[in-house]
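Quick notes on the structure that follows.
The values are calculated or read from the model by the stated rules, or taken from the named source; none is laboratory data. All values derive from a computational prediction rather than experimental measurement. Positions of Cβ are generated from backbone atoms using ideal geometry, with glycine treated the same way; all protein chains shown enter the neighbour counts.
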Amino acid sequence: MKFVIAPDKYKGSLSGPQFCDAVEQGIQMVFPKATILKKPLADGGDGTLEVVKDYLNANQRSVRVKDPLFREIEASYLLSQDGRIAYIEMSEASGYKLLDRSEMNCMHTTSFGTGELIADALQQGAKEIVLGIGGSATNDGGMGMAAALGFEFKNHLGEQLEPIGRNLVKVKEIDVPSPEAFQNVMVKVACDVNNPFYGPDGAAHVYAAQKGASAEEVEFLDKGLKSFAQVLEASFGKDVQQIPGVGAAGGLGAGAMVFLGATLTSGVDLVMEMAHFDAALADADWIITGEGQLDHQTSSGKTIAGVIKLAKERNIPVAALCGSVNVSVEEIQRMGLDYAVSILNTIGSLEEAKAQSYANLVQASFNFAKLLKVR
């Protein structure tokens, strides 16, 4: 039999490669001669850097950049061995993980550091940039990122503005750098949400409170995004509000599209492309996937959803081995899973469950393989 193991991580417990090792161990107890391909995946969010490093045959490059509050830090991105592909996680330079809780307020934060990482990749000769935009601390519409790449944002007096969320509403004019800098460069943004730029479902109303904004500040930021969208349309001829997903990462999705000509695409699809996942599925009997918790969010752009979609196109059954399963039988069927189980086998604390994750996953994999054996 041929098994393709294609999980996301168990956050705070098991990495994707550790999941693959545990499942392989359990399967081989029952099918010692099975063909097993290990393809750990991610959805473009936090932790994707680790997953794609091997697929890109990449080196990690460190750069001095500005954090969300303009403090100098060291951040890393991946550059393929041939220097042609860069994988950049926004959270490394502009993520909320870089701030204390008391510092969180997306009125004052910037995506400038993300732009500095992009600028360095371009200087290294990258021709394709893949940008993961999960975990941002910002709501600046991508203004900070663009400012680091030479764009200038000015108020009605022609004065240059600091590229932060609070100043979106003040932008009246955008000076564009020489277009040669971005010619012949393909930019792909890993985006798995459908939020518009502004409005009730937009970047500010849905995400800004999580990033430290008060109710009044959320309204102010939303007003700023709407005003900024009008300036973008006047300057570049693009009505970003009509494009699903541009509200991701505080509007950086829109900024990347307008300023860099980026395309927005599913994060897990991008990672599967890097992993040559489609080719790995040839003659597969089962795909085994998993994540920390199978719940109603799983079908909304998460790794398992991407795996199921590709599997169903090829009539390959999918088993999900998860830390916990918080959906009904009907929901499991609607997702398209052929088998789903929680690996928990004792009652205890969350920390105890995490500590036993590897051993429990080995046992769950063994039990699954035994079921296949007796069919």
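Would it be correct to say that residue 192 is touching a residue at least 24 places away in the same chain (Cβ under 8 Å) and within 21 Å of the chain's Cα centre (by Cα)?
Numbers: touching a residue at least 24 places away in the same chain (Cβ under 8 Å): yes; within 21 Å of the chain's Cα centre (by Cα): yes.
When the stated conditions are applied, residue 192 passes them.
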* To do: Could you please find all residues in segment 216-256 being free of Cβ contacts under 8 Å to residues at least 24 places away in the same chain and of a type in the set (D, E, K, R)?
  => 216, 219, 233, 238, 239
* Can you name the condition, by its number, that residue 234 falls short on among (1) surrounded by 15 or more Cβ atoms within 10 Å (Cβ to Cβ); (2) among the small types (Gly, Ala, Ser); (3) in a helix (DSSP H, G or I)? -> (1)
* Structure fact -> Scanning segment 15-50 residue by residue, those of a type in the set (Val, Ile, Thr) and touching a helix residue (DSSP H, G or I) at 6+ places or on another chain (Cβ under 6 Å) turn out to be 23, 27, 30, 36
* To do: Counting only residues that are closer than 21 Å to residue 367 by Cβ and either assigned by TED's automatic domain parsing to the domain that holds residue 362 or more than 18 Å from the chain's Cα centre (by Cα) (or both), give me the helices (runs of 4 or more DSSP H) lying completely in segment 266-344 with at least 1 of them.
  => 303-313, 329-335
* Structure fact -> Scanning segment 167-221 residue by residue, those in a loop (DSSP other than H, G, I, E, B), touching a strand residue (DSSP E or B) at 6+ places or on another chain (Cβ under 8 Å) and within 20 Å of residue 150 (Cα to Cα) turn out to be 171, 172, 185
* Structure fact -> For residue 82, the lone unmet condition from (1) buried (at least 23 other Cβ atoms within 10 Å of the Cβ); (2) of a type in the set (D, E, K, R); (3) not assigned by TED's automatic domain parsing to the domain that holds residue 325 is (1)
* Applying the selection to segment 10-39, what residues are part of a loop (DSSP other than H, G, I, E, B) and either acidic (Asp, Glu) or in contact with a Phe, Trp or Tyr (Cβ under 7 Å, 6 or more places away or on another chain) (or both)? -> 29, 30, 34, 39
* Within segment 180-199, is even one residue farther than 19 Å from residue 256 by Cα and surrounded by fewer than 20 Cβ atoms within 10 Å (Cβ to Cβ)? -> yes
* To do: Identify, from the list 207, 198, the residue that is touching a helix residue (DSSP H, G or I) at 6+ places or on another chain (Cβ under 8 Å), within 20 Å of residue 96 (Cβ to Cβ) and in the same structural domain as residue 86 (by TED's automatic domain parsing).
  => 207
* Asked: Say we look at segment 54-63 and pick out the residues that are in contact (Cβ under 8 Å) with a residue 12 or more places away in the chain and loosely packed, with under 15 Cβ neighbours inside 10 Å; which of these is farthest from residue 120 (Cα to Cα)?
  -> 57
